[in-house]
Amino acid sequence: MTNNFRIVVDKLSRYSSRYWGLRLVQGLLLLITVLILLITVVFSIEYLFYTAPYLKISLIIAVVLTAIAIFIKRIFKPALYYSGLVHFSTLQSARLVTEHFPELKDHLINIVELGESGESNLLVSKSIDQKLTNLTVFGFKQYFNIRLVIKYLLALFFSLCVTSLCYFSFPGFFMQAGFRLMH
């Protein structure tokens, strides 16, 4: 394996780590946003309609199941990859990079496949080095920035505004609805 190939593998590893970290942050923001909105909706339904016990239970179960589904898909899975408990291969990382940097096309995937082929002859090493010189430099900083999290932050801000509006417009909103949901 050439030194240049090791550099590419290290970059792919860092990219994968940052990618799953970003997915984890997005998942946390999404979970918090959805929980705030769903709890506000459930409290609103109870506050306005004095629901029957079976409907109260159904609403609470729906909120819990939604939270569990979001947690598993958007937090648990990225956390496993981010922590390294589940291995994300170099080839999978290369595919992720080519999805986000279409100008790389299949060059990066070809380099990884050649490097992982297990052959260590001079021809493979020269081929990898030649492909790396033709490969444009890809920087992570142009991909990982605040714009990838901004829509989740805006949704969180919106949900907090709606919840605050309900709280200040109807002073006993959360206390009365919460008390009735519990009993």
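Structural remarks
- The set of residues in region 115-125 being modelled with pLDDT of 80 or more and surrounded by fewer than 17 Cβ atoms within 10 Å (Cβ to Cβ) consists of 116 alone.
- Selected residue (only one of 163, 98 is among the hydroxyl-bearing types (Ser, Thr, Tyr), over 30 Å from residue 37 (Cα atoms) and out of contact with any Gly (no Cβ under 6 Å at 6 or more places or on another chain)): 98
- Residues (surrounded by 11 or more Cβ atoms within 10 Å (Cβ to Cβ), closer than 30 Å to residue 10 by Cβ and at pLDDT 90 or above) located in region 136-183: 149, 152
- The lone criterion from (1) closer than 30 Å to residue 177 by Cβ; (2) of a type in the set (A, V, I, L, M); (3) touching a Ser or Thr at 6+ places or on another chain (Cβ under 8 Å) left unmet by residue 109 is number (1).
- Residue in region 90-98 that is surrounded by fewer than 16 Cβ atoms within 10 Å (Cβ to Cβ) and either modelled with pLDDT under 85 or part of a loop (DSSP other than H, G, I, E, B) (or both) present: no
- Qualifying residue in region 4-20 (condition: touching a Pro at 6+ places or on another chain (Cβ under 6 Å) and crowded, with 18+ Cβ neighbours inside 10 Å): yes
The values are calculated or read from the model by the stated rules, or taken from the named source; none is laboratory data. Here the structure is a predicted model, which is why all the values come from computation and not from measurement. Positions of Cβ are generated from backbone atoms using ideal geometry, with glycine treated the same way; all protein chains shown enter the neighbour counts.
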